[in-house]
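Following: one structure in C-alpha cells, then a few remarks.
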Amino acid sequence: MRLFGFSDGQAFIYPSTGTGAWEAALANTLSPGDRVLAPRFGQFSHLWIEMMKRLGLEVDVLETPWGEGAPEDRIAAALAADTEHRIKGVMIVHNETATGVTSDIAGVRRALDAARHPALLYVDAVSSLGCIEFRMDEWRADLVVTGSQKGLMLPAGLGIVCASARALEATKTARCPRVFFDFGDMQRTNADGYFPYTPALSLLYGLRVALDMLFEEGLENVYARHARLAEGVRRAVDAWALETCCRDPRWHSNTVTAVMVPPGVNGAHVIDVAFRRYNLALGAGLNVMAGKLFRIGHLGDLNELMLLGALGGAEMAMADVGIPVAPGSGVAAAQSYWRSNDPVAKRRVARSEVVYASHSTGSINA
Ligand SMILES: *Cc1c(COP(=O)(O)O)cnc(C)c1O
C-alpha cells in the first residue's frame, strides 16, 4: 500500500481495531515463549506489552521515561548482547498518542543493523499513518499496524496490518494460536476478492474515499500540513508558558500534543470544563500521566481555523480553572506562525475569493 510506503509483502484488513491489528501481527509471526524487546514509554506501548505477555511471549521491557521516544542506543545494546539471537521481535510504537512523542523508526532500524540482528521490526503506526511519513520499505519494518479511526479519518472498525516478505515467511513457523486473525485464511480468501467472514463493507468503501482524499491532496502535502498545524500548537503552548510532555524536539509529534498542567492543577479539571462549557473534547492524561496533562489531537481532516477553535477553547478552560494563561495568547502565537508559513500564495487566495464572492452574489440574485 502506498500509504505505508511498501511494495514487498501483503496488507490484511480486519473488521477490528488497532488493538486487533496488533494481535494479528503478533499471533501470526511468533510462538509462545519467544523473546521480544519492547521499550515502554506511554500507555500504548504499555498495553502492547501487556498483550504480548498474555500471548505467552517473554518480553524484555526497556523502561523509558514517559515523554521520551524509543531509545535507539539501549535497543542497540540489548540486541548486541543477544549473541544467540533469541530476541525474535523489536516492538516500537511509532507515535505514542499518550505523550505526544514520535519515535525515530529509521534510528531503530539502524540499531538493528548495527547489531546485525535478524529480529523482525514491529511498528504500531495507529496514530501516525496517513499523517506522519512512513517508509516501510526503506526502514525495513516487518509488521506495521494501524486502525481506521485516526489518520484515516473513518469511524473505528478496521484493523490493518502490513506484513513484509520476511514477516510472511515467519508465519510458517509461528505457533501462537490464531483463528479470527489468521493470515492464511485471509490469503486464501482475499485472492478471489473474498474474506473469511463478513467484511466491514461500509468501512471499506470509506477507506477507498479516505485514501482518495489523501492521494488527491498528495501525501507530501498531507505530511506538511500536519507538521505546520502541529508547530502552530507548539507555539501556542510556548505562549502559554507551559511545557509539552515530549522531552526533546526530535520526538515532537505532529498528530497530538500533550500539554503539562502546572503543579497543583488537575489536568482532568481542564478537560471537564472544556467539555461541559465549550463542547471541546481534549484528551486525558493516561496511566502515570493521569491528571498531569491534557492532550490536543491534531490529525486527519483538519485545518488552521478548526485548530484555532480548539486552542481558544483550551485557553478558556485553562483560565477557568485558574491556570494563568492570557486568553488569546496561544491563538495569536499559532496565527502568527501559520501566517508566516502559509504555503498558499497570497495573490491566488485573493483572486479566488473574488471569484467565490461573485459566484455567491450571482446565486443570491438568481
Ligand atoms: C488508538 C491507538 C491504539 C489502539 O487502537 P484501537 O483502535 O483503539 O484498538 C493503539 N496504538 C496507538 C498508538 C493508538 O493511538
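The values are calculated or read from the model by the stated rules, or taken from the named source; none is laboratory data. It should be emphasised that the depicted structure is a prediction, and the values quoted were computed from it without experimental measurement. Note that we place each Cβ from the backbone using ideal geometry, even for glycine, and neighbour counts take in every protein chain shown. Accessible surface is based on the protein model in full, side chains and every heavy atom, while ligands, DNA and RNA are left aside. Shrake-Rupley method; radii C 1.70, N 1.55, O 1.52, S 1.80 Å.
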What is the distance in Å between the Cα centroid of the stretch 239-282 and that of the stretch 142-220? 33 Å
From zero up to wherever the largest Cα-Cα distance of the chain sits, split into 10 Å bins and tell me the percent of pairs in each. 5, 22, 30, 24, 13, 5, 1, 0
Suppose accessible area is computed on protein heavy atoms with a 1.4 Å probe; arrange Arg2, Arg54 from highest to lowest. Arg54, Arg2
Using a Förster radius of 41 Å, what is the FRET efficiency between Arg116 and Asp342 based on their Cβ-Cβ separation? Nearest 0.05, please. 0.30
When the charge dipole of the stretch 175-254 is computed with +1 at the Cβ of Lys and Arg and -1 at the Cβ of Asp and Glu, the Cα pointing farthest to the positive end, of Pro199, Trp240, Val222, is that of Trp240
Estimated vicinal HN-Hα couplings, Hz - the stretch 327-336 in sequence order (Karplus 6.51, -1.76, 1.60; Gly, Pro = x): x, x, 5, x, 4, 5, 5, 5, 4, 5
Cα convex hull volume per residue for the stretch 238-333, in Å³, equals 103 Å³
Got the relative contact order for the chain handy, in percent, Cα pairs under 8 Å and 6 or more residues apart? 18 percent
With all protein chains modelled, accessible area of Met260 [1.4 Å, Å²]: 50 Å²
Nearest-0.05 FRET efficiency for Leu219 and Gln187, computed from C-beta distance (R0 30 Å): 0.65
Sticking to Cα atoms, compute the Rg of the stretch 1-125 to one decimal and its Dmax as the biggest Cα-Cα distance, whole number, in Å. 13.9, 40
Need one value: the accessible area of Ser16 in square angstrom, 1.4 angstrom probe, rounded to the nearest 10. 20 Å²
If you wrap the stretch 170-215's Cα atoms in a convex hull and average its projection over all directions, what's the area in nm²? 4.6 nm²
Residue-ordered couplings for the stretch 261-270, obtained by feeding phi - 60° into the Karplus form 6.51 cos²θ - 1.76 cosθ + 1.60 and rounding to whole Hz (Gly and Pro as x), are 8, x, x, x, 10, 8, x, 4, 5, 4
Can you tell me the FRET efficiency between Ala332 and Arg135 if r is taken as the Cβ-Cβ distance and R0 is 45 Å, rounded to the nearest 0.05? 0.80
Based on DSSP, what percent of beta bridges with both residues in the chain are antiparallel, to the nearest 5? 55 percent
Amide H of His252: which non-local residues (sequence gap of 5 or more, or other chain) have their own amide H closer than 5 Å, using H built in the peptide plane? Thr102
When every protein chain stays in place and a 1.4 Å probe is rolled, Glu231, Glu84 sorted by accessible area with the largest first are Glu84, Glu231
Can you give the extra length, in nm with one decimal, that the chain gains between Met316 and Val265 once fully stretched, where that is 0.36 nm per residue apart less the Cα-Cα distance? 16.9 nm
Extend 7 Å from the Cα of Thr173 along its Cα-to-C-beta direction; within the stretch 88-125, residues with backbone N under 13 Å of that point are 88-89, 118-120
For the stretch 109-236, the convex hull over Cα atoms projects on average to an area in nm² of 10.4 nm²
